[in-house]
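Since every read-out is calculated from the coordinates, none of them should be taken as a lab result. This structure is a prediction, so every number in the text was calculated from the model and none was measured.
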Amino acid sequence: MGLAGSSAERKLLFRLDKVGFVLSLSHVVEICKRIDNDLNLSCRDLPQGIIGALHFRQTRIPVVDPTIRLDVSSPVPLQEKAILVLKSAEGNWGLLVDEIVGIKAGEQFDDCPLPPLLKGALSSYYQKILLCEDEPFIVFEPEHYYGLAGSNR
């Protein structure tokens, strides 16, 4: 094991529906598990994947729902979802997720080649899969969902 990174590189695991994703913890500012009244849904830009704005540390940050770009549905009600506050060159932004699975050390992951059937139209949103305890997790690349790179999609 250990092909995917060192133990110092910790990773956050989350799910969208039943699909597992992995994200470098270096991208994460905070995990907001209760979003009740802090999410303003009137600030939408659905073509950009933005479903609203989150009141976060005396400011409003955009919240992106990645299921829009990935064209997947989620059975989890909005009030039961979590928001990962991520940092980017443009500032903080929120990522709406169905479930936080946990945090693991980088050494617990093995590289896994992307199967040919998954290299279709959506492959611009994911390029790599890692295995953790024999479960595949798609490497989540935040720049494909928000910011200058994400706006070109």
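Evaluated on the stretch 69-113, the Kirkwood hydrodynamic radius is 13.4 Å, with distances taken between all distinct Cα atoms.
Taking every DSSP bridge with both residues inside the stretch 42-133, close to 90 percent are antiparallel.
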